[in-house]
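The values are calculated or read from the model by the stated rules, or taken from the named source; none is laboratory data. Computed from a predicted model, the values in this text were never measured in an experiment. Backbone-built Cβ (ideal geometry, glycine too); neighbour counts: all protein chains shown.
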């Protein structure tokens, strides 16, 4: 047993292992001060809720309070390990400012009220708008942190009951491109790879994926391979010098907005050097000829000019990709939130299709998620798509869903693509969406161009309902606030980025009158009188397990088939990967194992889109392109971003995350160890840019784009020249810091642009033109940005980020050394 400062040592103790070996167990535990393992009344199984990895967690309960967590040794995802947000984030549950009673706005002020009055207002307004305007008046904007059962119920209520097409999740901001890229290449969502591919790969490529901070336990797995015999080689694409970049064999740091050009340069080399698996491509894919022609225009020398990356580095990376025997690729926000997001992510899929690197150990693509249940929003129909990966353009799919729900197919909106959140904001701005119900997310901090978003959400003609656990910046603008239960206070399932399903059990009661989101949705449906076509209640379950059984029937025969699972079976497992059926009762580690894809025209989830315009392909176009259901190799040309640096705004702004916080800090900002490790916003500049601007470490700078300004302390880091980085987590809820939402605060999204990828509709957070100037001298005091990860200082002696005694955790190792 070792005790480690897990704020200072994010990834914990190394347990080296070699290719094909089993990742050793290391069980991490953190309990509240004064609580020993023997004091715990019970350990309740769950999984991680503050990132997308899906780590198996046991919740420690004493005197009906959560007092800590430990990793589960038998879990297939983490083998007992936990990251900093897992270890310390649970403290937010017991924060004294939790919402405990409903609030309604009276004479401009939010005041406490009863559930009866609050729901009467919500249901009453819904009925009024349905009568006046119809379903198009009502929109729902959800999260990536609820449970599968809650998303499925919301999708049923919104699509099958109310009949609105305006349903989306904040997963639009982080993983919409993951789904879109998978649909474009494979005809359907669903990750081809598995986390176990780390155990076998000889090359691991990370594209815009700072795994070291966003998925700390998975990065621990990579670090343990790197520390063992025959380690994999690492290719990193990131403009910052992240821990991934520091560990990389090749680090490509392209100019923001040039990812498609870079990928075309890598594909050019794979094709030109004969590294294509011609037999695999001929048997299992269409579109290769167009790609081979397209990438002829992107030799390394041209790509080097576009991306400002040395041509020899491009060749080196391509050689690793092209000669790997087992290649694993992961993709995240650096591609997803950037210019030509879907086109770039699709090119990563193309690398694997050209190389035949799918469906076997060590050979996989993980188009990653940013949130713990992002996969569930997509499966269950809470992000606009139809449940079960059904195709909204396929009338037979709509009829099948109507059969499951026992409604008329014409009651399910499928007359146009589902409405994404940025379009919903526009509709609300124009006055056609007149009621917006927001659950467990904070768009007043997380959406781009915040001055505009605040203006829209504050309109008197918009009836805003917010369902949350704290009075967030968005909740402060609401007409009705509904207090919700959170992780550990309710039961349900959630699915991580490699299709692993966990059951999270209720450990304690929620505070005050707070209710589970599922109970709120069911109550709303019953009060609204939603019925199926036979006059029975539309929602036919009353608890989480009943909702799960309903979902299983909806998933039957679809790619994300859960019919072989049950709550009892999940309780006895370390996580089960879908599809799980009678044929595959223990789940499915790899899909597409035999080159067979879910892309047949009558089965696929999507017919694809034009990567430039976003226009959906017609069924007849798709059938002509892919009549026999192969994978689709889709080429793309590079185009410059809409907003580029110039004389007034010479730099490029990118936003992102830090290891210690999640989204807008509504939880992690209330965990003392996490908040102390990253207490306030900072701005990263390169050594060269800082010197040119007369800025030193710790100086106060103002970052300005055409949309607003933000002030932040300077961290001089290893970021590439010409690029400025701001973490996006920081809003205004802790107003004791003296910040006000006036457009010159500290929320990075004051500066980002209202623009989105044409195919995935994911907002673009990484190509804004910016300028920076000095506001005040730092007096030699460094920025409080963490020193442990991507924001590590360069050229300055800065005190190390540590957690001290409060930041320690026990590590029970099976083998392994420091």
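Every residue in segment 627-646 that is loosely packed, with under 15 Cβ neighbours inside 10 Å, closer than 30 Å to residue 773 by Cβ and modelled with pLDDT of 95 or more, please.
Result: 640, 646.
For residue 622, work out the one condition from (1) closer than 30 Å to residue 121 by Cβ; (2) in contact (Cβ under 8 Å) with a residue 12 or more places away in the chain; (3) not in a loop (DSSP other than H, G, I, E, B) it doesn't fulfil.
(1)
Of the residues 382, 311, which single one is touching a helix residue (DSSP H, G or I) at 6+ places or on another chain (Cβ under 8 Å) and outside the structural domain of residue 244 (by TED's automatic domain parsing)?
Details: 311 fails: outside the structural domain of residue 244 (by TED's automatic domain parsing).
382 is the lone residue from the list that is touching a helix residue (DSSP H, G or I) at 6+ places or on another chain (Cβ under 8 Å) and outside the structural domain of residue 244 (by TED's automatic domain parsing).
Looking at (1) part of a loop (DSSP other than H, G, I, E, B); (2) buried (at least 20 other Cβ atoms within 10 Å of the Cβ), find the lone condition where residue 596 falls short.
Answer for residue 596: the failing condition is (2).
Somewhere in segment 345-364, is a residue in contact with a strand residue (DSSP E or B) (Cβ under 7 Å, 6 or more places away or on another chain) and either in a strand (DSSP E or B) or modelled with pLDDT under 95 (or both)?
Yes, segment 345-364 contains a residue that is in contact with a strand residue (DSSP E or B) (Cβ under 7 Å, 6 or more places away or on another chain) and either in a strand (DSSP E or B) or modelled with pLDDT under 95 (or both).
Out of the strands (runs of 3 or more DSSP E) lying entirely within segment 416-490, which hold 3 or more residues that are more than 20 Å from the chain's Cα centre (by Cα) and either outside the structural domain of residue 170 (by TED's automatic domain parsing) or under 19 Å from residue 97 (Cα atoms) (or both)? Please lay out each step first, then the result.
On the way: elements: 435-439, 463-468, 480-483.
Output list reads 480-483.
Hey, does segment 600-612 have a residue that's within 30 Å of residue 722 (Cβ to Cβ) and touching a strand residue (DSSP E or B) at 6+ places or on another chain (Cβ under 8 Å)?
For segment 600-612, residues within 30 Å of residue 722 (Cβ to Cβ) and touching a strand residue (DSSP E or B) at 6+ places or on another chain (Cβ under 8 Å): absent.
Being closer than 26 Å to residue 514 by Cβ, touching a strand residue (DSSP E or B) at 6+ places or on another chain (Cβ under 7 Å), in a helix (DSSP H, G or I) and modelled with pLDDT of 95 or more is the requirement here; does residue 99 meet it? Steps first, answer last, please.
Working: closer than 26 Å to residue 514 by Cβ: yes; touching a strand residue (DSSP E or B) at 6+ places or on another chain (Cβ under 7 Å): yes; in a helix (DSSP H, G or I): no; modelled with pLDDT of 95 or more: yes.
No: the conditions fail for residue 99.
Can you spot a residue in segment 499-516 that is at positive phi, in contact (Cβ under 8 Å) with a residue 12 or more places away in the chain and over 24 Å from the mean Cα position of the chain (by Cα)?
Looking through segment 499-516, at least one residue is at positive phi, in contact (Cβ under 8 Å) with a residue 12 or more places away in the chain and over 24 Å from the mean Cα position of the chain (by Cα).
When you scan segment 87-95, do you find a residue that is surrounded by fewer than 21 Cβ atoms within 10 Å (Cβ to Cβ), farther than 25 Å from residue 119 by Cα and out of contact with any strand residue (DSSP E or B) (no Cβ under 9 Å at 6 or more places or on another chain), even just one?
yes
Going through segment 601-619 one residue at a time, which ones are part of a loop (DSSP other than H, G, I, E, B) and surrounded by 15 or more Cβ atoms within 10 Å (Cβ to Cβ)? Talk me through it step by step, then tell me what you get.
Step one: of segment 601-619, the residues part of a loop (DSSP other than H, G, I, E, B) are 601-608, 610-615, 617-618.
Those that are part of a loop (DSSP other than H, G, I, E, B) and surrounded by 15 or more Cβ atoms within 10 Å (Cβ to Cβ): 601, 603, 604, 605, 606, 607, 608, 611, 614, 617.
So the check is Cβ under 9 Å with 6+ separation or different chains; which pairs have a first residue in segment 129-148 that's free of Cβ contacts under 8 Å to residues at least 40 places away in the same chain and a second one that's buried (at least 18 other Cβ atoms within 10 Å of the Cβ) and in a strand (DSSP E or B)?
130/138
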